[in-house]
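Q: Sharing a structure here in structure tokens format.
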């Protein structure tokens, strides 16, 4: 293609704009967003329950308690749970793209480019990943305490080094964001590549 | 008065392949549209009106021929520039309004200003003024579902105006409205054309819209059948 043509400029859609719009869309489509967030939160809570339980057992052994451990097969179950979350999110996001066909077509008429639509969907999923990850960790912490507290004592949470708890928190959040964004890559690509003419004439 | 061309179509054609059959949606259209002109495009459904709109609006690429806007061959534009054209030069109005359901009236109108790089406060302020000018100053924070059809179309007109475009493309803007509401929309569009010198191109079946226009282009089977003065 040729270089810039006289009198023709370029559109802009900054990261701030994308985040603001994406956040607004999530807030007002809470039903679908909460399904996604619950899905990722479930997987993450399962994972953090096991990791925290393990941390509690190790702390318990350190202070002279019996050495208990989490069974390896349980980690395989976590893997399955997370895979199910990812597939669930991909499915929900694909439906969201179909629901928003016209909206995407309209946005393209108003000046949005493919990459802007892509970014918008990825940002929405990133935000959902953050919320799902934090919620999942919180649920995991409670679940781990409930499952170990009666044998180790509920004050076990204070005996685990804070760095370890924070590290697990950061890891869960990071994993949650990554999985949520990865699950949305294909739906977001589909949305971005939509032909505006087809999108505008689409009847749901 | 001299004729200052804003849009020029040169042997414009668009063919679609559908189940092994080639459909000639547009089949060699030559047309010059003047700056500030109010042009109605009339024809039976399937005559190529919407295809013509999509070409002029840079939403679809021609199979043959050229579209020039302000002397620029739009097939030479890259993706950024084409998006800019849609954003700044052209305002779209649809039969089905196509407002974004989760955004309020003022947010819908401000949306195109985001892509134009206008600061947020300024965009919202501009949107408020535009909505007030189409008589919706009291409905700024309503969602489309809380507005009547006529009000929704007025929001859509305000949105089309948000970046002060040179051209308004209106595809059956009164098609989903009752008679009186349709008249109000026609008055608003006609007013914009006359007071702001905006080039207005409308595909329509509505006799009242046709009567108000400067020129009427009759399309049939993807070709211009005749052009009348309004």
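Q: Between residue A:71 and residue A:99, what's the calculated FRET efficiency when r is the beta-carbon distance and R0 is 45 Å? Round to 0.05.
A: FRET efficiency, residue A:71 to residue A:99: 0.60.
Q: If you don't mind, there's one more thing I want to ask. Is it possible to state the helix-based mean residue ellipticity at 222 nm for the protein assembly as shown, with each DSSP H run of 4+ residues giving -39500 (n - 2.57), the sum divided by total residues, to the nearest 500 deg cm²/dmol? What is it?
A: Taking each H run of at least 4 residues, the total per residue is -18000 deg cm²/dmol.
Q: Using a 10 Å cut-off on Cβ atoms, rank the peptides B:117-125, B:88-96 from the highest mean neighbour count down.
A: Averaged packing, sorted descending, gives the order B:88-96, B:117-125.
Q: Based on the mean of other beta carbon atoms within 10 Å per residue, what is the order of A:121-128, A:139-146, B:46-53, B:196-203, most packed first?
A: A:121-128, B:46-53, B:196-203, A:139-146
Q: Just want the ordering: A:178, A:49, A:152, B:181, from fewest to most Cβ atoms lying within 10 Å of their own Cβ.
A: A:178, B:181, A:152, A:49
Q: Given labels modelled 7 Å from the Cα in the Cβ direction, how far is it in nm from residue A:115 to residue A:91?
A: 3.4 nm
Q: Please state the relative contact order of segment B:171-230 as a whole percent: Cα pairs under 8 Å, 6+ residues apart?
A: Dividing the mean separation by the residue count of segment B:171-230 yields 29 percent.
Q: Turning to a different aspect of this structure: Can you pull the mean other chain C-beta count within 10 Å for peptide B:54-61?
A: For this peptide, the per-residue mean of nearby foreign Cβ atoms is 3.
Q: Let me ask something else. Please determine, in degrees from 0 to 90 and to the nearest 10, the orientation of helix A:15-28 with respect to the longest principal axis defined by the Cα atoms of chain A, where the helix direction is its Cα long axis.
A: Value to nearest ten degrees: 70.
Q: Mind telling me which of A:46, A:13, A:169 comes out most flexible in a GNM of chain A, alpha-carbon contacts under 10 Å?
A: Of the options given, A:13 has the highest mean-square fluctuation.
Q: Then there's this: Would you mind listing how long segment B:30-97 runs along its three principal axes, going by Cα atoms, in whole Å with the largest first?
A: 34, 28, 24
Q: Quick one: helix B:149-161 against the long Cα principal axis of chain B, what's the angle to the nearest 10°, folded into 0 to 90?
A: Computed tilt is about 80 degrees.
Q: Antiparallel versus total DSSP beta bridges in chain B: what percent is that, nearest 5?
A: 60 percent
Q: Bin by bin, in steps of 20 Å, what percent of the Cα pairs in the protein assembly as shown do you find, going until the bin that has the longest distance?
A: 23, 44, 21, 10, 1
Q: Using 0.36 nm per residue of separation minus the Cα-Cα distance, give me the extension gain between residue B:220 and residue B:148 in nm, one decimal.
A: 22.5 nm
Q: I would also like to ask the following. Please report the base-10 log of the normalised intensity I(q)/I(0) for chain B, using a Debye sum with one equal scatterer per alpha carbon and no solvent, at each q in 0.12, 0.15, 0.18 (1/Å).
A: So the normalised log intensities work out to -0.65, -1.01, -1.38.
Q: Efficiency by 1/(1 + (r/R0)^6): what FRET value for residue B:73 and residue B:35, r their Cβ-Cβ distance, R0 = 22 Å, to the nearest 0.05?
A: In this case the efficiency is close to 0.75.
Q: Work out, in µm²/s and without decimals, the Stokes-Einstein translational diffusion coefficient of segment A:60-105 at 20 °C, 1.002 mPa s, Rh from Kirkwood over C-alpha pairs.
A: It comes out at roughly 151 µm²/s.
Q: How far is the Cα center of segment A:38-75 from the Cα center of segment B:29-71, in Å?
A: Computed from Cα coordinates, the inter-centre distance equals 66 Å.
Q: I've got another one for you. Assuming a ≥ b ≥ c are the square roots of the Cα gyration tensor eigenvalues, decide whether segment B:104-211 counts as rounded (a/c under 1.5), prolate (otherwise, with a/b larger than b/c) or oblate.
A: Taking the square roots of the gyration eigenvalues as a ≥ b ≥ c, segment B:104-211 is oblate.
Q: With everything on Cα atoms, drop me the angle between helix A:30-62 and the longest principal axis of chain A, reported from 0 to 90° to the nearest 10.
A: 30 degrees
Q: Here is a follow-up. Percent of Cα-Cα pairs per 5 Å bin, from 0 to the last occupied bin, for segment A:50-179, please list those.
A: Reading upward from the zero bin: 2, 9, 15, 17, 14, 11, 9, 7, 6, 5, 3, 2, 1, 0.
Q: What ranking do B:226, B:86, B:159, B:64 get, fewest neighbouring Cβ atoms within 10 angstrom at the top?
A: Least to most surrounded, the residues fall as B:226, B:64, B:86, B:159.
Q: Ranking B:183, A:119 by Cβ neighbours within 10 Å, fewest first, what do you get?
A: Going from least to most buried by this count: B:183, A:119.
Q: Take chain B, connect every pair of alpha-carbon atoms lying under 10 Å apart with a spring to form a Gaussian network, then pick out the residue of B:85, B:59, B:177 with the largest mean-square fluctuation.
A: Of B:85, B:59, B:177, the most mobile in the Gaussian network model is B:59.
Q: Still on this structure, I have one more. Gaussian network model of chain B, Cα springs within a sub-10 Å range: biggest mean-square fluctuation belongs to which of B:205, B:141, B:190?
A: Maximum fluctuation in the GNM of chain B, among the listed residues, is at B:141.
Q: Can I ask one more? Taking segment B:168-230, how much of its Cα-Cα pair set, in percent, is spaced more than 13 angstrom apart?
A: That tail contains 64 percent of the Cα-Cα pairs.
Q: On full extension of the chain, what length is gained from residue B:18 through residue B:228, given 0.36 nm per residue of separation minus the C-alpha to C-alpha distance?
A: So the extension gain works out to 72.3 nm.
Just so you know, all these numbers are worked out from the coordinates, no wet-lab data involved. Since this is a predicted model, take the numbers as computed values, not measurements. Glycine gets a Cβ as well: all are built from the backbone with ideal geometry, and neighbour counts include every protein chain shown.
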